1. Order of Asp199, Asp134 from fewest to most other C-beta atoms within 10 Å?
2. Give the cysteines in the chain for which no other Cys Cβ lies under 4.7 Å away, or write none if there are none.
3. Specify the residue with the greatest mean-square fluctuation among Gln371, Gln198, Gln165, computed from a Gaussian network of the chain linking alpha-carbon atoms under 10 Å apart.
4. Just want the answer: with Cβ charges of +1 for Lys and Arg and -1 for Asp and Glu, which residue in Phe192, Leu93, Thr124 is farthest toward the dipole's positive end in the range 77-215?
5. How big is D for the chain, in µm² s⁻¹ as a whole number, if Stokes-Einstein is applied with the Kirkwood radius of its Cα pairs at 20 °C and 1.002 mPa s?
6. Could you work out [θ]222 nm for the chain from helices alone, using -39500 (n - 2.57) per DSSP H run of at least four and dividing by all its residues? Round to the nearest 500 deg cm²/dmol.
7. Counting other beta carbons within 10 Å of each Cβ, put Cys401, Cys301, Cys26 in order, fewest first.
8. Compute the longest continuous run of the chain that contains no exposed chymotrypsin sites (Phe, Trp or Tyr not before Pro); treat a site as exposed when its DSSP state is not H, G, I, E or B and it has at most 14 other Cβ atoms within 10 Å.
Amino acid sequence: MGNRTVPVSFFYFIEEGGMPKYDIACVGAGISCLAAAALLTKAGKSVCLIDPADRAGGCVAAHEIEGFRFASGPTITYGFEPGGVLRKLFSDLNLSANETSSFAGYQVVMPEHRISVSGEPGETLEELVREFPDEMNGLTRLYRDVHKLSEQSSKSWLSSYVLRQRSSAAYLQSYRFSKSILAYFEVQAQFFFGTSLQDMPLALLVLMLTTAPRSFPGGFTGLADQLISIVLQQKGTWFHGEPFPEMLFHANRITGIRTSRGMIEPRTVLLNVRGQRSESIVFLGIRDEVIPVSMLPNVLCIDDNERLGDYFTLTLSPADVRMAAPTGLISLTCMFHSVNKAFDQPVESFISKITAVVPFLQNFIVTSSMQDPHARQFPLPPSVIVHSSEYRVGRPMFLPCSVKNLKIIPDSVRSLLPAVLTAQAVVEKLK
């Protein structure tokens, strides 16, 4: 164990029973570690999950505050389409996709426009034409063209390959859309796939315009609960409510993890850490009468067409989630994204932005709180050197580091698809 001082109780623990050994230790029970743990236990690997929270899910875990139950963020996602990472995950774990509900639509709110996105592409096109009548010809042609591309890619491997190689931004140039239309597409690319139109493959733009995302009532907490249940059914170990443990190093490897319940010896360690691009999340318990009649459960908001990376989302608690809020009240989760690190501001400054979507909000707030943007930050020792890594859509989200048997995976509310893709990549290497 190097030159570290080891307490007497540690020697006693080894002499009496030996240090428990695990193939994998997952520190932080975010979706990526949960998915990896579930898949690995299914494959017969011994897995230990360690997290300071009492409930699995990491950044996507639900919050209960003063009688309100809040989802940690938006409740819609892609990934269940043919070939999607969530469809594969559910298939590999024998889970039913019936847990996801039918798509109820979402809205994109811009400085001068509010667009309701329907599950039917034709209805969305009509909405866009109403909001942007001068762009009718280009929009109509775009939706016609992407429908043809979708049909071609489903029948031809070559067409599908070409769509994965072309850039969405380059494809849209020929339509000569205004900045507002491009901003509308851009914020959806950022939200659903964590990338810009410039870096997003044309295949994902075609998917976005022809296929509706699926909805998780109450957020992705339900998925986290299903994953931890699989881990426990397969005899995995779950240390919840456990302070972040100390890692012991020797010869550039993690040789042990010290927990409050004793030492464990893992062959490989997966560490779920909050990503560099953190979110600021505000939880509001409000009177439901203030919600505009036309407002949908998920809203993507741009308050500046020139700063598309700094968008925010609003998520209303769905009516079918039991005890989401007391009678006559509703839970509203407000998540603010920034191209910079998480910004520390008072709750009031965030609420002022939300009033552009929910007028008079200040007069109808029953309770408000803000998630600590620095919470769940695992204190890595100085000896662990983490290398910068730029995420590319469709690829795992590993953060390269100097320790041989440590894999660092960002945990973020808005990165469900990359998180699951990363878990699948980890499993392929460790099975």
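Bear in mind these aren't lab numbers, they're just calculated from the coordinates by the rules spelled out. Because the structure is predicted, anything quoted here is derived from the model rather than measured. All Cβ positions, even for glycine, are placed from backbone atoms using ideal geometry, and neighbour counts span all protein chains on display.
1. Values: Asp199 16, Asp134 9.
Starting with the residue having the fewest Cβ neighbours, the order is Asp134, Asp199.
2. Cys48, Cys59, Cys301, Cys334, Cys401
3. Judging by the Gaussian network model, the answer is Gln165.
4. The residue sitting most towards the positive pole is Leu93.
5. Working: Rh = 23.0 Å.
The calculation lands on 93 µm²/s.
6. It lands at -9500 deg cm²/dmol.
7. Working: Cys401 16, Cys301 21, Cys26 33.
Ascending number of Cβ neighbours within 10 Å: Cys401, Cys301, Cys26.
8. Working: sites that count: Phe343, Phe360.
Segment 1-342 is the longest.
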